[in-house]
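Notes follow the structure.
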Amino acid sequence: MNDQKLENLLNLALDATDAEREKSLNMNFGYDRQNRIWELIVRYHGDLSGVGERTKEIILLSGGYAIITAEESEIDWISSQPEVEYIEKPKRLFFSAAQGRSASCINPLQTGAFDLRGQGVLVAVIDSGVDYFHPDFRNEDGTTRIVSLWDQTIQRPKRNDAMETDITSKGENISEEGTEDTGKIKEGTGEEIRGVEYTKEQINEALAAGSREAGYRIVPSRDLSGHGTEVLGIAAGNGQASGGQYRGVASKSDILVVKIGTAGSEFAGTVELMLALDYVIRKAMELGKPVAINLSFGNVYGSHVPYTRGILGLNRS
């Protein structure tokens, strides 16, 4: 059979024996061997009511497509109908969690003499935060790989407030006087003025607290959307949650996280972005390590070339 209204793979599948189809995931997909019935994707125009008389089922879709279930012996007849323009068989879908590493040529660099897994490098993610409890961001002994986590969205408490609310009392950037600086010029870096920065030691204390609930009393930063956690997993996850199967690119790197935003708002702006980038660069210099930064935020307020001095400042960093 070589019907030009049929896709090549469907022609091949129809010419193959049942035994040959069984050896291929694609050729056999969409075929009910016991009843010799196919599920078909059909491009058509006009009215398919005549075709329906010799098929098991027709599901009409928008855009001139239909899903037709029919016996194998009827496919030639269906193809001969003037309303039918093209027929193809279904294809198997699958998750591409592991194939991306191979397609990106990562695997050869992490075997043999190279073994490039991010040792001695910082991976920084400026995003929605991180689930710091996730096994992929922890060492074999259970301690964290995160060297620092700055959550811009956590309200900085006064000292007397911190005594009453312990969920933020562990942040190391609370002023000794318990009052906020009301001067026009703020002295200090971004993390000393906005939000709360949590250290590696504080995160380890939270991990050792016995439960998430107890841990969040020490380090209350959460990734509510999960986006930052997913991005960090791709960039630097060590695969512990999957027995090493799904590792990120820099699985042996140290990690730096900035949860970008403002207290009481779900949106971040370019000010928060510049503060975050400045923080990451300074941290990398302090630690004496090269840093790779992932930034998933953006906007469509103008050209994609640097159009403000603020964005130019990011590029210069």
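Subtracting the Cα-Cα distance of residue 80 and residue 8 from their residue separation scaled by 0.36 nm leaves 24.3 nm. Considering only Cα atoms, the convex hull volume of segment 29-142 works out to 247 Å³ per residue. As a length-normalised measure over Cα pairs under 8 Å and 6 or more apart, the relative contact order of segment 8-88 settles at 30 percent. For residue 85, the residues 5 or more places off, or on other chains, whose built amide H falls under 5 Å of its own are 43, 44, 45. Put in line by how crowded their Cβ is, counting other Cβ atoms within 10 Å and starting with the fewest, 3, 18 read 18, 3. A DSSP coil position with no more than 14 other Cβ atoms inside 10 Å describes the following GluC sites (Glu not before Pro) in segment 38-75: 53.
Scanning residues 5 or more positions from residue 26 or on other chains, none has an amide H under 5 Å from its amide H, with H placed 1.01 Å from N in the peptide plane.
With N the number of residues in segment 8-88, Rg(Cα) / (2.2 N^0.38 Å) evaluates to 1.08. Remark: segment 8-88 carries a charge dipole of roughly 160 debye about the Cα centre, counting +1 on each Lys and Arg Cβ and -1 on each Asp and Glu Cβ.
Each of 285, 27, 274 has some number of other Cβ atoms within 10 Å of its Cβ, and from fewest to most they run 285, 274, 27. Annotation note: GluC sites (Glu not before Pro) in segment 190-293 located in DSSP loop regions with a Cβ neighbour count of at most 10 within 10 Å are 266. The 3J(HN,Hα) values that the Karplus relation (6.51, -1.76, 1.60; θ = phi - 60°) gives for segment 217-227 are, in residue order, 6, 8, 10, x, 5, 10, 9, 6, 8, x, 5 Hz. Gly and Pro appear as x. The three principal axes of the C-alpha atoms in segment 69-113 carry coordinate ranges of 61, 18, 15 Å, sorted with the longest axis first.
Here the Karplus curve 6.51 cos²θ - 1.76 cosθ + 1.60, taken at θ = phi - 60°, turns the phi angles of segment 135-145 into couplings of x, 5, 10, 10, 6, 4, 7, x, 6, 7, 8 Hz, with x standing for Gly and Pro. Restricting segment 212-292 to chymotrypsin sites (Phe, Trp or Tyr not before Pro) that sit in a DSSP loop and have at most 12 other Cβ atoms within 10 Å of their own Cβ leaves 267. Across segment 9-19, rounded Karplus estimates of 3J(HN,Hα) from the backbone phi angles (6.51 cos²θ - 1.76 cosθ + 1.60, θ = phi - 60°) give 5, 5, 4, 5, 5, 5, 7, 7, 7, 4, 5 Hz, Gly and Pro being marked x. Computed about its Cα centre, the charge dipole of segment 197-252 is approximately 160 debye, with only Lys, Arg, Asp and Glu carrying charge at their Cβ. The gain in end-to-end length when the residue 200 to residue 234 segment is fully stretched comes to 10.1 nm, 0.36 nm per residue minus the alpha carbon separation.
The residues 121, 257, when put in order of fewest to most other Cβ atoms within 10 Å, stand as 121, 257. Name all residues of segment 116-153 having a backbone nitrogen under 13 Å from the label point set 7 Å from the Cα of residue 289 along its Cα→Cβ direction, giving them as ranges. Answer for this model: 117-125, 138-139, 144-149.
Each reported figure results from applying straightforward, stated rules to the coordinates on display, with no laboratory input. The structure displayed is predicted, hence computed values, not measured ones. We place every Cβ from the backbone using ideal geometry, glycine too, and count neighbours over all the protein chains shown.
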